[in-house]
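Visitor: Sharing a structure with you now.
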Amino acid sequence: MVLDKGIARKSIATSVVLAIGVSLSASAQFGGEPPDLYTPEPGARDLKSVLFNWPWHMGMLRGIEEHELMVSLEYRAEGTIQVDGQACAIAPFEDAAREGELGTSGYRISANYQEPGYRTRIECALPNGQTYSNIEVVSGEYAWDEDIPGAGLVPGEGTATPNPDALNDRLIRFWASPLGAPKAALAGAGIPLRRVWRDPGGLLEEGPSSIGETSVTWDGDTPVVSFPIPGVDGATAVARLDDRFMAESVVVTNGRDTHQFTYSDYDDHNNPLHRIEVYTAGRMTESKNGEVLRDLNTIQTETGSVYVVLPVPSSVGPATEAVAMYGTDQQAPVLDSTVPTPRLADGKPDLTGNWSNPGKFFIWRYGSRRCAPTQLEGCSTMWNQNIDFTFEAASRFGPNRPIYRPEHWDEVIYLDMWTNLYDPIMTCQPMGIPRQGAPGRIFHTERDITLLYGRGGDGGGGYSDFRVIGTDGREVDERRLIQTKYTGHSVGHWDGDTLVIESVGFTPLTWLARGGFFHSEDMKVTERFTRQGDQMLYEVTVEDPEVLLHPWEQNPMLMTTGRGGLNSNGLVGTERGNCQQIVLDDIATQYRH
């Protein structure tokens, strides 16, 4: 990610795909006119209109339905902070070793709004010339300090020191921030923070000035919104919005303490290669009980679903539970078919069939949408579609992301920011396992199973063909592992009525998913196929201790059998196309596919 650099010419690899037929699963993501969208009446003063205008003008409502999809933030600033009553001048950013790296010095915030919290890396100079360095973290109900990012997550690597006394102040700073405050106000109005589709245009009642614990009053033509601070009992925020519905101040009262935040100079502060018009303040000042604690000038941001994770180390809280895979709009898939399950001669379920997935999790309706009031003159709906892919890609949006070891966090961001250069499918590599997803057609015998793919390229040129896997529980021949494969070396066995396929020996030339989610050649993938009647549950677990902190369980997929996986030629999904890599030296953009 190019932070703190001007426009840099970069060779961008793209892939051109010519394919016959379009898969039903892919085409369902595209097309169609935007639905009837809510538009506040000019001069409307009810709470719904204000809570819609606020994130809408900020550029936080994305996608064809204009959901609130702003889920993470990378932020850099210069200025001063208070350390033990002394002004500490933030160290200047030092150029990274290679173009696009984030670097470590200065003042950097990595925030996640789905699993609420942030990590702030601070390096500044005290008046006596000494350097102050610390990493402040808050995640959920825990606050701690680190000597290195992700300290304590890997045994023997860094020290994480609990700091519970800082919890409330850090949560207040988080939820009173320019991007956090509208989310907190929506939460106070009853839209859960974990809701997948946070659509203020469709979820709130029109008319009242108060909904739940959030309310609006007017000071002349200035809307003043009051709302609680999530996670801090009794803390109340009052935000004054400017004439573009952006917070110019947020005052938080928590017991005897008063926190005041002032904001100005709103703009798209992303690097010039990735301007996507999410606005944040260029100047931010924070005071507590009248004492200025932080006076910051924004250097650069990245606002497009960038990779930020905040697992709690064991020295701070109990063992981190697995991240819930579902938002409040979505439930785990359940096998509930009452149709008899076909079986092979040996009594095992016969998985043969054409399989489709009409309800895949976290796939938005990509397509054109209207421009927000604050977007650039000349904005078009097609332009919006291009920049919205950054927000809408299912694997980027989360919340179920693979948790990498801390030393790889910035690498994931770097790869994602240069997706169109580094994503393997943009250089015509097959998608591989598990990225290619579930098969579209299965042929099953008592000795083996044949899985056919080819139903789309995940926004690029990657296509896979088929796999033939033995199901008699044989072991992988160690001699075969000398050569890695896109789909690995696979064997199958039965766990009751569930077919389990274990695969090892992967080439590292593939990714787990969009978002820079790379893997090593030591990755192991376990797939589970459970059929009940005309339904099948497809589950995937990825193990890769070299790069992941713990196994990653993908969102399970419920598939149905029929002709849903066929195209008009009777072939599964999209037929294999022709992919050609083209490298253009004169393109300077980080718009991601």
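Visitor: Between E543 and V238, how high is the FRET efficiency from 1/(1 + (r/R0)^6) when r is the Cβ-Cβ distance and R₀ = 45 Å? Nearest 0.05. Spell out each step's value before the answer.
Guide: Values: r = 49 Å, r/R0 = 1.08.
My answer for the efficiency is 0.40.
Visitor: Moving on. For I148, enumerate residues with amide H under 5 Å from its amide H, sequence gap 5+ or separate chain, H modeled in the peptide plane.
Guide: Placed amide hydrogens put T159 under 5 Å from I148.
Visitor: What shape does the stretch 187-278 have by the C-alpha gyration tensor, where a ≥ b ≥ c are the square roots of the eigenvalues, rounded means a/c under 1.5, and otherwise prolate means a/b greater than b/c and oblate the rest?
Guide: Working: a/c = 1.45, a/b = 1.19, b/c = 1.21.
Here the stretch 187-278 falls in the rounded category.
Visitor: Once ligands and nucleic acids are excluded and a 1.4 Å probe is used, how much of I148 is accessible, expressed in Å² to the nearest 10?
Guide: Probe radius 1.4 Å; accessible area of I148 about 70 Å².
Visitor: Quick check: pseudo-label points 7 Å beyond the Cα along Cα→Cβ at T39 and A166, how many nm apart are they?
Guide: In this crude spin-label approximation the distance works out to 4.7 nm.
Visitor: If Lys and Arg each add +1 and Asp and Glu each add -1, what is the summed charge of the other residues whose beta carbon sits under 11 Å from the beta carbon of M523? Write down the numbers at each step before the final one.
Guide: Working: positive: K524; negative: E521, D522, E543, D544, E546.
Around M523, the charge tally is -4.
Visitor: Please list 3J(HN,Hα) in residue order for the stretch 490-506, calculated via the Karplus relation 6.51 cos²θ - 1.76 cosθ + 1.60 where θ = phi - 60°; whole Hz, with x for glycine and proline.
Guide: 10, 9, x, 8, 9, 10, x, 9, 9, 7, 10, 10, 10, 10, 9, x, 8
Visitor: Can you run phi through the Karplus equation (6.51, -1.76, 1.60; θ = phi - 60°) for the stretch 154-166 and list ³J(HN,Hα) in whole Hz, with x for Gly and Pro?
Guide: Here the 3J(HN,Hα) series is 10, x, x, 10, x, 10, 10, 10, x, 9, x, 5, 8 Hz.
Visitor: Sticking with the crude label model, points 7 Å out along Cα→Cβ, report the distance from E206 to E475 in nm, one decimal please.
Guide: Placing both labels 7 Å beyond Cα along the Cβ direction yields 6.9 nm.
Visitor: May I pose another question? In nm, to one decimal, how far is the D147 label point from the W494 one, both placed 7 Å along Cα→Cβ?
Guide: Each label point is offset 7 Å from its Cα along the Cβ direction, giving 5.6 nm.
Visitor: Any aspartates and glutamates with Cα under 13 Å of the K524 Cα? List them, leaving off those in the same chain fewer than 8 positions away.
Guide: E502, E543, D544, E546, E553
Visitor: So, one more: Taking amide H atoms as placed 1.01 Å from N in the peptide plane, list the residues 5 or more away in sequence, or in a different chain, whose amide H sits under 5 Å from that of W355.
Guide: R441, I442, G565
Visitor: For a protection proxy built on the mean count of beta-carbon atoms within 10 angstrom, sort 402-409, 127-134, 505-512 highest first, please.
Guide: Working: 402-409: 19.5, 127-134: 10.9, 505-512: 21.6.
Output ranking for 402-409, 127-134, 505-512: 505-512, 402-409, 127-134.
Visitor: What net charge is computed for the residues neighbouring A111, neighbours being all others with C-beta under 13 Å from the C-beta of A111, Lys and Arg scored +1, Asp and Glu -1? Walk me through the numbers on the way to the answer.
Guide: Values: positive: R76, R108, R119, R121, R170, R173, K183; negative: E74, E115, E136, E302.
Charge balance in the 13 Å sphere: +3.
Visitor: Can you compute 3J(HN,Hα) from phi for each residue in the stretch 532-537, using the Karplus curve 6.51 cos²θ - 1.76 cosθ + 1.60 with θ = phi - 60°, rounded to whole Hz and x for Gly and Pro?
Guide: 9, x, 9, 10, 8, 9
Visitor: For Q532, which sequence-distant residues (separation of 5 or more, or a different chain) have an amide H within less than 5 Å of its own amide H, given hydrogens modelled in the peptide plane?
Guide: Residues meeting the amide H criterion: L537.
Visitor: Shifting gears a bit: Around Y279, under 12 Å between beta carbons, what's the net of Lys plus Arg minus Asp minus Glu among the other residues? Please report the intermediate quantities before stating the final value.
Guide: Working: positive: R244, R275; negative: D242, D265, D267, D268, E277.
That sum, taken over residues with Cβ under 12 Å, equals -3.
Visitor: Let me ask you something else. Using 0.36 nm times the number of residues separating S315 and R194, minus their current alpha carbon distance, what extension gain do you get? Can you show the working numbers first?
Guide: On the way: separation 121, 0.36 × 121 = 43.56 nm, distance 2.63 nm.
Answer, rounded to one decimal: 40.9 nm.
Visitor: While we're looking at this one, here's another question. How would you rank 525-534, 259-268, 173-182, highest first, on the average number of other Cβ atoms within 10 Å across their residues?
Guide: Values: 525-534: 19.7, 259-268: 18.1, 173-182: 25.8.
Most protected by this proxy first, the peptides run 173-182, 525-534, 259-268.
Visitor: If you stretched the chain out fully between V468 and D257, how much longer would it get, using 0.36 nm times the residue separation minus the C-alpha to C-alpha distance?
Guide: Working: separation 211, 0.36 × 211 = 75.96 nm, distance 6.58 nm.
Roughly 69.4 nm would be gained on extension.
The values are calculated or read from the model by the stated rules, or taken from the named source; none is laboratory data. From a predicted model like this one, the values you see are computed outputs, not experimental measurements. Heads up, the Cβs are rebuilt from the backbone with ideal geometry, glycines too, and the neighbour counts pull from every protein chain shown. Heavy atoms of the whole protein, side chains included, go into the accessibility calculation; ligands, DNA and RNA do not. Shrake-Rupley method; radii C 1.70, N 1.55, O 1.52, S 1.80 Å.
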